[in-house]
Structure formats: structure tokens, C-alpha cells
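**Q** Once you've had a glance at the structure underneath, I'll fire off some questions.
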Amino acid sequence: MGAQENGKERGQKYVRMDSDTAAEEEEEEAVSVSHPLQENGKESSGSSKYVMACAILASLNSVLLGYDVGVMSGAILFIKEDLKINEVQEEVFVGILSIISLFGSLAGGRTSDAIGRKWTMAFAAVIFQSGAGIMALATSFRVLMLGRFLAGIGIGFGVMIAPVYIAEIAPTVARGSLTSFPEIFINLGILLGYVSNYGFSGLPSHISWRIMLAVGILPSVFIAFALFIIPESPRWLVMQNRVDEARIVLLKTNENASEVDERLAEIQEAAGSANAEKYEEKSVWHEILNPTPGVRRMLITGCGIQIFQQITGIDATVYYSPTIFKGAGIKGNTQLLAATVGVGFTKTIFILVAIFLIDKVGRKPLLYISTIGMTVCLFSLGVTLSTMEDSKIGIVLSILCVCANVAFFSVGIGPICWVVSSEIFPLRLRAQASAFGAVGSRVSSGLVAMSFLSVTHAITVGGTFLLFAAISALSVAFVFKYVPETKGKSLEQIEMLFQNDSHWTEGEVEIGDMKHLMEKQLHQSRACLPM
């Protein structure tokens, strides 16, 4: 198979002992890992740049989500003053975006299978742009909510489709890094939102928040230009029996022609193009709702990591960072917004660290570092807010704990959540199952954001973060039991990994089992070929 070379499988620790070239293969793999976008030890500079450009342009929709999260933390201060909304309306307005976005995510799976990954991204940008424009011009809470509704639908489409598209177009050895790009752009959007808050905070309240929201329209304009550059997903093209077009895309993203043929054969087999069963929409949802043991494991892993990413309170920390710092003792809107800019810079810097490590260190080690680090930071923040309120030491420690928490989030579960959930599902289920997982993320985010202020009134801000710390501790156990290592495996290999009954929760399939599965897959492939 394409992922095996001379008896050695990429990403496994197994080396065939009777091979005279084992040492050479180890050296070649070291080169490949050191330079994720190299193939066979030779840098494919043209295809590498092309794939990276596609990943960047496909991630532009994520800027919209990040900008909304970041800018709303400051804009809401001025919206409350201008439109005279109460605290319940504030919670609903802030949190409803995540709840509404689940409808976009659910529809996004079906839409992306119908019109393609590329045009689904375009559709997402148009809807969000409409919502942002309405919010910027709103004169009442009702109109504001209408714009919020449209923005949420657009974000739901965008947040679901970008990781799927990148996972399907990226080479195996660089898929982790490239699929993390949407999370980078979310963080970039958050930082831009914080900077926008600080930059426009000096304007009159009835103007400042409108400009803050209107600026969010600009990223979607660039998405229109991206559509003329990025190709359609080769896996979607194969699903539409447009194999020649898929081959052209693969040739652009892989300079090794023989590898293109192998990847295309794998995709055709996974898509059911070689005399295999054709899956219809109804049967796809039937398989998701009535899963086999393998699909059930995928859903537990994919949906579970999406939910844990949010219920540890990251969106609440970002949305309500001014409230948190106010509780620590910082006074004045300008000072509060300035402190949030530091949080945004930290979050953005550490997501870049994750990009360099995710395909070298692996998904699971980074998840351990992330979830354990977040647990410690959230516990420390809860204790600080509970015992050192209105003291200079408390203010400093609170800022440090919030920055450290978002740093640990960004280096692990933040980007890896999207990487894992976009690469573990088989092709026939990928779009719909990824949408299903995104629903868990959006619902969790919405519930946390909509209840944060109420919970803080009930158990204090410090108590709320102690609760987040307990949930974060549970996420460590979830990673240990349910998240396998997928580094270095092709999407088709990962599908087989989850079919293994005895070793999948250990994070790595035994090489004998994988060899057996690969031989079985090869046998089935040969059986489908014409005599």
C-alpha cells in the first residue's frame, strides 16, 4: 500500500528485521518528519507551496469565527450601554451564536457533499457577511438577534468544512500541521477582535461597537478571491466520479506521479468507485445513528473531543475575559480591553507552536500536555479569584493564569480537536460525521457562554473556574482512553485502525493487526480489478 515502504509502515515503530535497508528507511523517515512537506526525502517545493496556499485560503472562514469571539468580548460593553440590554439578553446574544451555528454545521455536511467543499466555503462567507452587516446597522435587540442568527449559520458552515477540505487535500505527512490552520486563523481572528476593541474603544458608544462588528465583514471579501485559486477536494471529485479532475488536483499537491496513482486508488476504493457499494444520504445517516462498533468508536472520539474542547470553558474565558479581569480588580474599560489583547497574543503565538509539533511529537502527547496544563491553570485561576480579589498580586496572577490557560489550549486540544475529528471518519461518512461532531462543539460552547454569568452569580467567578478545572481533569482521562495516535497514517489507514476490536483505545494498532488489515484491504482491491 501507499503508506508502506519496504515492509515498514510510516508512523509505526515496526521495522522488518530481515530488511537490509532498515537503517536507510529510518534516515529517510527522519528527513520526512523534519520537513513535513517533503516526499521521499526530496523537497517538493512547488506542490508544498500550493498545498499550503490552499490550506491558508480555506482557513479564512475561521477568521470570521475568531473575530466574532474576540470582538464581542469588548463590543458587548458598548452594546449594553447603547441599546440598554439586560444581563439575560447579554448572555443570550453572546451564547446564541454557537447554538445557531450547529444548524449551519448540520446543513454543511449535506451541502458539501452536494455542491462540493469549495463552494460550501463560499456559501458560508456570504451568509456570515449578511449577518455581520445587519448587526452593525441594528437599532434594536430584535434586529441585532436577526443578524446574530445569520452570522451563526455562516460560522456553522465554515467551521465544519475547512478542516474537512484541508484533511482531504493535504499529504499524509503534513496533514496534522495543515489541518491545524483553521485553529490558527480562529486565534488570529480573536487577536484582531481584541485589537479592534482596544482601537475603537475611544469612540462614542453608539458608534464604536458598530465599527467593531462591521470590520468583521472584511475577511469574507478575501474568500471570494480564494475561490479562483483553490481546487476542489480530490476525494469529493472521486465521489462524483470525476476521477480525471481528481488526478489533476493530486498531481498539483504531490510531485511524485507514482504516489498519485497509489493515493487515487486508495481514494477510489474508499469512495466505493471500484464496483463497491454506493452510499446514499439516507444510508449515511442511518450508519451514523445506528453505528457499527468501529463507527461508534469514531463518533465517541470525534464528538467527545469536540465537546471537551468547549466545556473546559475556553470560549467563556475569551468572551468574558473583561469580566474575569474586572473580578480580579482591574478598573476601566480601556484597561480591561488592553489586558485582553495580551490574552489574544498569547493564544496566537502558541497555536504556531502546535503547528511545528503536531506532526513531529504526535497528537496524543500534545493532548496530554494541553489538558493537564489547562487543569492546573484553571484550578490556579479559581483559587486566585476566590482568595486574592482586588489585590495587585491577584490581578497579576489572574492575567498569568488566563494567558497560560489559553496557551495550553492552543498548543494541544484547540487545534488537535479539529485535526482528529476531520481525519478519523471514513470518506463516505466524513462530511456528515464531522458536521455531527461540530454540533457537539457548538452546543457545548453556546451552553457555557449563555450560562457563564448566571453561574458566576451562583458560585462566584472563582468557583466557576474551579468547576472548569474539574471538567478539564476529566478530559485527561478521556484522551487516555478514547483518543488513539493518528500521526503518520493515511486517512484510509486510520479508518482501519478504528475497526480493530482490541487495541484501538491504546492509541496504536499492533503491527500484526495492521498488516493483516492492510493485506485484507489489498486483496479486496485486487478482487475489484477487471481480469
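**Q** Which of the pairs Lys252/Lys481; Lys84/Lys326; Lys252/Lys489; Lys326/Lys481 have their Cα atoms more than 30 Å apart in this structure?
**A** Details: Lys252/Lys481 38 Å; Lys84/Lys326 20 Å; Lys252/Lys489 21 Å; Lys326/Lys481 38 Å.
Violating the 30 Å Cα-Cα cut-off are Lys252/Lys481; Lys326/Lys481.
**Q** Further question on the same structure: Using a 1.4 Å probe on the protein chains only, how many percent of the accessible area of the range 286-488 belongs to carbon and sulfur?
**A** Answer for the range 286-488: carbon and sulfur cover 75 percent of the accessible area.
**Q** Along Cα→Cβ, 7 Å out, is where each label goes; now give me the distance between the ones at Ser140 and Val88 in nm to one decimal.
**A** About 1.9 nm, to one decimal.
**Q** For the range 207-263, with all protein chains present and a 1.4 Å probe, just round the carbon and sulfur fraction of the accessible area to a whole percent.
**A** Exposed carbon and sulfur together represent 66 percent of the surface.
**Q** If you don't mind, there's one more thing I want to ask. State the extension gain, in nm to one decimal, for the chain segment bounded by Trp285 and Lys49, taking 0.36 nm per residue of separation less the distance between their alpha-carbons.
**A** Details: separation 236, 0.36 × 236 = 84.96 nm, distance 3.66 nm.
Value of the extension gain: 81.3 nm.
**Q** While we're on this one: How big is the charge dipole of the range 286-488 about its Cα centre, in debye rounded to the nearest 20, if each Lys and Arg gets +1 on its Cβ and each Asp and Glu gets -1 on its Cβ?
**A** Roughly 320 debye for the range 286-488.
**Q** Accessible area, 1.4 Å probe, largest first: how do Tyr319, Tyr368 sort? Could the numbers behind the result be given before it?
**A** Details: Tyr319 5, Tyr368 65 Å².
Sorted by accessible area, descending: Tyr368, Tyr319.
**Q** Provide the FRET efficiency to the nearest 0.05 for the Phe222-Glu262 pair, computing r from the beta carbons and using R0 = 25 Å.
**A** 0.10
**Q** Which of Leu203, Phe222, Ile115 sits closest to the plus end of the dipole of the range 45-230, meaning its Cα is farthest towards the positive end, when Lys and Arg get +1 and Asp and Glu get -1 on the C-beta?
**A** Checked the options; the winner is Ile115.
**Q** In square angstrom, what is the accessible area per residue of the range 45-230 with a 1.4 angstrom probe? Spell out each step's value before the answer.
**A** Working: 5980 Å² over 186 residues.
It amounts to 32 Å² per residue over the range 45-230.
**Q** Next up: Any idea what the alpha-carbon Rg over 2.2 N^0.38 Å comes to for the range 286-488?
**A** On the way: Rg = 17.6 Å, N = 203, 2.2 N^0.38 = 16.6 Å.
Rounded to two decimals, the normalised Rg is 1.06.
**Q** Counting only heavy atoms of the protein chains, get the accessible area per residue of the range 388-478 (1.4 Å probe) and round it to a whole Å² value.
**A** So the range 388-478 comes to 30 Å² accessible per residue, rounded to a whole number.
**Q** For Glu485, what residues show an amide H to amide H distance below 5 Å, using hydrogens built from the backbone and excluding near sequence neighbours?
**A** Gly507, Glu508
**Q** Short version: ³J(HN,Hα) in whole Hz for each residue of the range 246-253, in order, from phi by Karplus 6.51 cos²θ - 1.76 cosθ + 1.60 (θ = phi - 60°), x for Gly and Pro, what are they?
**A** 5, 4, 4, 5, 5, 5, 6, 9
**Q** Once amide H atoms are placed 1.01 Å from N in the peptide plane, what residues at a sequence separation of 5 or more from Asp359, or on another chain, have their amide H within under 5 Å of its amide H?
**A** Long-range HN contacts for Asp359: Ser177.
**Q** Quick check for you: which residues of the range 201-239 have the amide N under 16 Å from the point 7 Å beyond the Cα of Val126 toward its beta carbon?
**A** Zone members listed by number: 220-228.
**Q** Let me ask something additional. Tell me, what is the percent relative contact order of the range 45-230, built from C-alpha pairs under 8 Å that lie six or more residues apart?
**A** 42 percent
**Q** A further question on this structure: For the range 326-384 and the range 60-131, what is the centre-to-centre distance using only Cα atoms, to the nearest Å?
**A** Here the two parts' Cα centres lie 23 Å apart.
The values are calculated or read from the model by the stated rules, or taken from the named source; none is laboratory data. Predicted model, so just to flag it, every value in this text is computed and none were measured. Neighbour counts are summed over all protein chains in view; Cβ atoms, including those assigned to glycine, are modelled from backbone coordinates with ideal geometry. All accessible areas refer to the heavy atoms of the entire protein, side chains included, with ligands and DNA or RNA removed. Shrake-Rupley method; radii C 1.70, N 1.55, O 1.52, S 1.80 Å.
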